[in-house]
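A.B. asks: My structure is below; once you've seen it, I'll send some questions.
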Amino acid sequence: MEIGCRANAELLRCVPFSTKSSSDQNLPKSNLYKPSLSSSFSKTSQSLSKQMKIASSSVVLKSKKDDEDLESLTYKEAGVDIDAGSELVRRIAKMAPGIGGFGGLFPLGDSYLVAGTDGVGTKLKLAFETNIHDTIGIDLVAMSVNDIITSGAKPLFFLDYFATSRLDVDLAEKVIKGIVDGCKLSDCALLGGETAEMPGFYADGEYDLSGFAVGIVKKDSVIDGKNIGVGDVLIGLPSGGVHSNGFSLVRRVLARSDLTLESQLPGKQTTLGEALIAPTVIYVKQVLNIISKGGVKGIAHITGGGFTDNIPRVFPKGLGASIYNNSWDIPAVFKWIQEAGRVEEAEMMRTFNMGIGMVLVVSSEAADRILEEERQEGNVVYRIGEVVNGEGVSYC
C-alpha cells in the first residue's frame with residue numbers, strides 16, 4: 001500500500017536502556033509507556049448527561065436543550081481518567097526506571113536515538129462521522145514527532161499501524177496519504193508499517209491507527225530541562241485547534257449542545273466538524289530552527305493533561321510555571337466547548353491545549369531575540385509566562 005516495504009512483524013515493547021547494564025547511567029527520562037488519554041466514543045443520548053452523578057462541587061446550570069439542570073462536564077466523567085493514567089506510569093516506572101519524559105532515549109555512540117509512539121485517540125470517530133480521512137494521518141505523525149523534538153531530536157523515520165475489519169483500499173489510501181503528508185512536513189521518511197485486516201473486530205467502515213517515530217540528537221545537544229531556573233521565559237507556539245486530545249469530552253459536550261458537526265461554529269465561518277477535524281500542527285521545522293539559535297532549555301508538547309500536567313514534566317524539582325492570563329488568543333472552538341459543556345476553567349487547562357500546542361522554556365536573555373526573529377519570519381509566537389519557585393502551574 002505504501003511506498004517501500006511494510007514490515008509484517010510486531011514491534012516489541014521497549015525497555016529503557018537505563019535499566020540495562022551500561023556505563024551511560026545519566027540517560028534522560030523517557031516515556032515509552034506514556035498512557036494514551038482517550039476513551040471510546042459512544043453514541044451518547046441526550047438523556048445520558050441527565051443521569052450523570054452530580055458531584056458536590058459541580059456547578060448546576062440550565063441546559064438550553066432540555067431546560068433541565070445539568071452539571072459541569074469533566075474529562076473523567078467523559079471516560080478518561082488522567083489520574084489513573086499517571087498512576088499506571090508510576091507503577092511502570094518501578095519496573096522500568098527512567099520513564100517520564102516525552103520521548104525514549106537510547107545511546108548510540110555520541111548521540112541518542114529518540115523514539116516516540118502514539119495514536120490519535122477518539123478523534124478517529126470524528127473522521128468516521130465527517131468522512132474526512134485525508135488529514136487524520138497528519139495527526140498521527142504529529143503526535144509522535146512533536147514528542148521527540150522536545151529532546152532536540154531531528155526525526156529520521158516513521159512507521160504506522162493501520163487496522164480494520166475489512167480493508168477498504170480507497171479509504172486506506174486517503175489515510176496513508178495523510179501519513180505521507182505528515183512525514184513530508186516533518187522532513188522524515190515513511191519507512192514502512194503494518195496493515196492488519198481483522199474481520200469482526202471493528203465496526204464496518206472503522207479503523208484504528210498507531211504511529212512510531214525515531215529521531216537522533218547529539219548527546220551534548222540534548223534538551224532535558226536540567227538547567228531551567230527561576231526567571232526563565234515560557235514561549236508558546238499556537239495550536240491549530242483541539243489537535244488530538246480531549247475528544248472524549250468534546251463528544252459529550254456535542255451530545256449536550258444544540259449543535260451538530262454540520263453546524264456553524266459560533267463566531268466563525270466554518271462548521272464545527274471542520275474546526276474539530278483540523279490537523280495537529282507539526283512543529284518540527286520551527287522548533288529545530290529555534291533550537292539551533294541557542295537559548296532553549298526545555299520543551300513541553302501540550303497534549304493530554306493540558307498545561308497542568310505537561311509543562312511541569314520538563315522542570316527540575318522545586319520549580320513551576322506562572323502563566324500570564326490573556327497572553328495569547330484562545331481559539332473559538334475552546335470557548336464553545338467551555339460554554340456548551342459548562343466546563344470549569346481548571347478542567348479546560350488540564351484537558352486541552354487551549355490554543356498553545358508547544359511551550360519552549362528559554363533563558364530570559366534569549367527570549368526577546370527568539371520572539372523577534374520568529375515574528376520577522378512570519379510566525380505567531382507568544383510570551384505566555386515564566387518559571388517560578390514552587391511546583392505546579394499557576395495563573396496570574
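The values are calculated or read from the model by the stated rules, or taken from the named source; none is laboratory data. What you see is a predicted model, and the numbers here were worked out from it, not measured in a lab. Please note: Cβ atoms are built from the backbone with ideal geometry, for glycine as well, and neighbour counts cover all protein chains shown. To get the accessible areas, we keep the full protein, side chains included, count just its heavy atoms, and leave off ligands, DNA and RNA. Shrake-Rupley method; radii C 1.70, N 1.55, O 1.52, S 1.80 Å.
A.B. asks: Output the number of residues of the stretch 156-175 satisfying the condition of being surrounded by fewer than 22 Cβ atoms within 10 Å (Cβ to Cβ) and in contact with a strand residue (DSSP E or B) (Cβ under 8 Å, 6 or more places away or on another chain).
C.D. replies: 9
A.B. asks: Something else now. For the stretch 249-297, which residues satisfy the criterion of being among the polar types (S, T, N, Q) and in a loop (DSSP other than H, G, I, E, B)?
C.D. replies: SER257, THR260, SER263, GLN269, THR270, THR280
A.B. asks: Among the residues of the stretch 371-391, are any touching a residue at least 12 places away in the same chain (Cβ under 8 Å), more than 19 Å from the chain's Cα centre (by Cα), buried (at least 17 other Cβ atoms within 10 Å of the Cβ) and part of a helix (DSSP H, G or I)?
C.D. replies: For the stretch 371-391, residues touching a residue at least 12 places away in the same chain (Cβ under 8 Å), more than 19 Å from the chain's Cα centre (by Cα), buried (at least 17 other Cβ atoms within 10 Å of the Cβ) and part of a helix (DSSP H, G or I): present.
A.B. asks: If you don't mind, there's one more thing I want to ask. Among residues belonging to the stretch 227-248 that are of a type in the set (S, T, N, Q) and in a loop (DSSP other than H, G, I, E, B), point out the one that is farthest from ALA213 (Cα to Cα).
C.D. replies: Checked the stretch 227-248; the qualifying residue farthest from ALA213 (Cα to Cα) is ASN227.
A.B. asks: Looking at the stretch 50-62, can you tell me whether even one residue there is within 25 Å of PRO312 (Cβ to Cβ), modelled with pLDDT under 80 and open to solvent by 70 Å² or more (accessible area, probe 1.4 Å)?
C.D. replies: yes
A.B. asks: Let me ask another. Could you list, in sequence order, the residues of the stretch 192-220 that are over 24 Å from the mean Cα position of the chain (by Cα) and under 30 Å from GLY294 (Cβ atoms)?
C.D. replies: Of everything in the stretch 192-220, those that are over 24 Å from the mean Cα position of the chain (by Cα) and under 30 Å from GLY294 (Cβ atoms) turn out to be LYS218, LYS219, ASP220.
A.B. asks: Does at least one position in the stretch 304-321 carry a residue that is more than 23 Å from GLY229 (Cβ to Cβ), part of a loop (DSSP other than H, G, I, E, B) and open to solvent by less than 60 Å² (accessible area, probe 1.4 Å)?
C.D. replies: Yes: the stretch 304-321 contains one or more residues that are more than 23 Å from GLY229 (Cβ to Cβ), part of a loop (DSSP other than H, G, I, E, B) and open to solvent by less than 60 Å² (accessible area, probe 1.4 Å).
A.B. asks: Which one is nearest to LEU126 (Cα to Cα) among residues in the stretch 252-269 that are in contact (Cβ under 8 Å) with a residue 24 or more places away in the chain and open to solvent by 40 Å² or more (accessible area, probe 1.4 Å)?
C.D. replies: LEU259
A.B. asks: Further question on the same structure: Which is open to solvent by less than 30 Å² (accessible area, probe 1.4 Å), at positive phi and touching a Lys or Arg at 6+ places or on another chain (Cβ under 6 Å), of GLY121, GLY152, GLY192, GLY215?
C.D. replies: None of the other options fit; the residue is GLY192.
A.B. asks: If you don't mind, there's one more thing I want to ask. What pairs can you find where one residue is in the stretch 195-218 and touching a residue at least 40 places away in the same chain (Cβ under 8 Å), the other is open to solvent by 50 Å² or more (accessible area, probe 1.4 Å) and of a type in the set (S, T, N, Q), and their Cβ atoms are less than 7 Å apart, with a gap of 6+ or different chains?
C.D. replies: SER210/THR117; GLY211/THR117; PHE212/THR117
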